[in-house]
1. Give the order of Glu30, Glu276 when sorted by the count of other beta carbons within 10 angstrom, beginning with the fewest.
2. Across region 96-105, in residue order, what do the Karplus-derived ³J(HN,Hα) couplings come to in whole Hz, using 6.51 cos²θ - 1.76 cosθ + 1.60 with θ = phi - 60° and x for Gly and Pro?
3. Evaluate the distance, in nm, between pseudo-label points positioned 7 Å from the Cα of Ala70 and of Lys280 along their respective Cα→Cβ axes.
4. What value, in deg cm²/dmol to 500, does the helix sum -39500 (n - 2.57) over DSSP H runs of n ≥ 4 give at 222 nm once divided by the residues of the chain?
5. Near the amide H of His36, under 5 Å away, which other amide H atoms are found, from residues 5 or more places off or on another chain, if H is placed in the peptide plane?
6. In nanometres, what is the gap between the two model label sites at Asn8 and Leu51, each 7 Å from Cα along Cα-to-Cβ?
7. Residue by residue, what Karplus-based ³J(HN,Hα) values in Hz, rounded to whole numbers, does region 33-38 have, using 6.51, -1.76 and 1.60 with θ = phi - 60° and x for Gly and Pro?
8. What number do you get for the chain when its Cα radius of gyration is normalised by 2.2 N^0.38 Å, N = residues?
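Just so it is clear, none of the values below were taken in a lab; they were calculated from the coordinates. All figures in this text were calculated on a predicted structure; none of them were measured in a lab. Heads up, the Cβs are rebuilt from the backbone with ideal geometry, glycines too, and the neighbour counts pull from every protein chain shown.
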Amino acid sequence: MTKVIRINRVGGPEVMELVDVELGPPGPGEAQVRQHAIGINFIDVYFRTGLYPQPLPGGLGMEGAGVVEAIGEGVTEVKVGDRVAYAGRPIGAYAEARNMPASQLLVLPDNVDFDTAAAMMLQGLTVQYLFHRTVPLKAGDTILFHAAAGGVGLIACQWAKLLGVTLIGTVGSDEKAELATRNGAHHVINYNKENFTTRVREITGGKGVTAVYDSIGKDTFIGSLDCLRPLGTMVSFGNASGPVDPFSLNELASRGSLFVTRPSLMAYMATRADLEMAAKSLFGVVASGEVKIDVRQRYALADVARAHTELEARLTTGSSILLP
């Protein structure tokens, strides 16, 4: 038997239950992973609340790290004893052990520990594709990144600095502003004290930014459009405040022929080649120390409800993980 988190209905943190399940051997193309650490991300909240529907009863969690204990027929990507990590589907990372498609597993470099790996896979791969593929950034660009003191945000601050990109970040407190600044943000706006659209225009001398990276959604979408320069790109990659309201395409035309995209990790990592390319890039900047993964909250698997409550209340900074 192995302990896993299950939900039988959508709702608040209380719908998550810790239960015992029988874990069978891995099937063809699968590997069984004994997990040492599990990542916590806002997308887990979307599945728990039903914003992103899934069949019920179901599991939660999209990233983890551990050791391969068994492999099924035809597996070539990993072997028993490998230290591995993953991010993406199938959902169900909130578990002591699980069977995973081996094609989703990546062998960890020796100098990347399990806690770091579990905290960096989804968030780090997200920043990798956002900065290198969604809007390929170059030195001298200026961008706006919302939630700059969160797990994705702190990685983005460091990676932008590495690329020579000026990052303007938004945060909700002075403490978070200091944290984002320490991690490489050039300018930080406390949205509880200042209007972020006005400040971005001031910082850029009225020109606007090349791209806005927005995981907040409803509360920031229109204001973010107003931060863009003509032909700039709005990258909406999350809905922490709720889904974006329907809007007219004229909103883009009137602001200078803007672009807008709603990317997902699953689309950008759809092939093994894409996944390996992105992981090589991420592992490289982490192993070199140029991008540090800041695990600031650790919770026992049984305390997952508290973890979600604190995440939704925006009480967390950096990355959070569960320890089975």
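1. So the residues, fewest neighbours to most, are Glu276, Glu30.
2. Using θ = phi - 60°, the values come out as 5, 8, 7, 9, 10, x, 4, 5, 8, 8 Hz.
3. The answer from the label model is 3.4 nm.
4. Helix contribution divided over all residues of the chain: -8000 deg cm²/dmol.
5. Those qualifying (amide H under 5 Å, at least 5 residues apart or on another chain) are Ala65, Gly66, Val67.
6. A separation of 2.6 nm, rounded to one decimal place.
7. 10, 8, 7, 9, 7, 10
8. 0.99
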